[in-house]
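One structure is given below, encoded as structure tokens.
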Amino acid sequence: MATKVLPQPERDEIRVEAVLQALGEPVRLTIVRALADNPAGVCCGEIELPVTASTRAHHLKILREAGILSTHTDGTRRISVLRREDLEALYPGLLTGILSAKQ
């Protein structure tokens, strides 16, 4: 099966307002922290979250549409990867600060 990248903004289309709004939700912050610990990416179902599968998918979509993560299919699995390089280029130190903040 071919790999397919789900729709996401190009680097120059990522807006700080969307990034901050997406990161302002605790479940999405948990997802970002899990992705930060796994640079190769994580299958969306492997991150333990206190939400249903449909709510998890919704949170991942918001993060992807904000430009925080990239998601591609691998067979029937969806693998998400943190767009650390893009975020660091656009907003230096933002992601590092958020990831180092107390939980």
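Note on Ala101 and Glu13: their simple-model spin labels are 2.6 nm apart, each label 7 Å out from Cα toward Cβ. Roughly how big is the chain's charge dipole about its Cα centre, with Cβ charges of +1 (Lys, Arg) and -1 (Asp, Glu), in debye to the nearest 20? It works out to roughly 240 debye.
Calculated mean residue ellipticity at 222 nm for the chain: -13000 deg cm²/dmol, from DSSP H runs with n ≥ 4 weighted as -39500 (n - 2.57), summed, divided by the residue count and rounded to 500. Distance from the C-alpha centroid of the range 14-46 to that of the range 62-103: 5 Å, rounded to the whole angstrom. Checking [x] 41, 14, 12; [y] 20, 17, 12; [z] 37, 23, 8 against semi-axes √(5λ) of the Cα gyration tensor in Å calculated from these atoms, the matching label is [y]. Between Thr76, Gly41, Leu6, the Cα set farthest toward the positive side of the dipole of the range 3-103 (charges on each charged residue's Cβ, about the Cα centre) is that of Thr76.
Readers should treat all values here as calculations from the given coordinates under stated rules, not as data from a laboratory. Bear in mind the structure is a predicted one, so any value in this text is a computation, not a measurement. Every residue, glycine among them, receives a Cβ derived from its backbone with ideal geometry; neighbour counts consider all protein chains shown.
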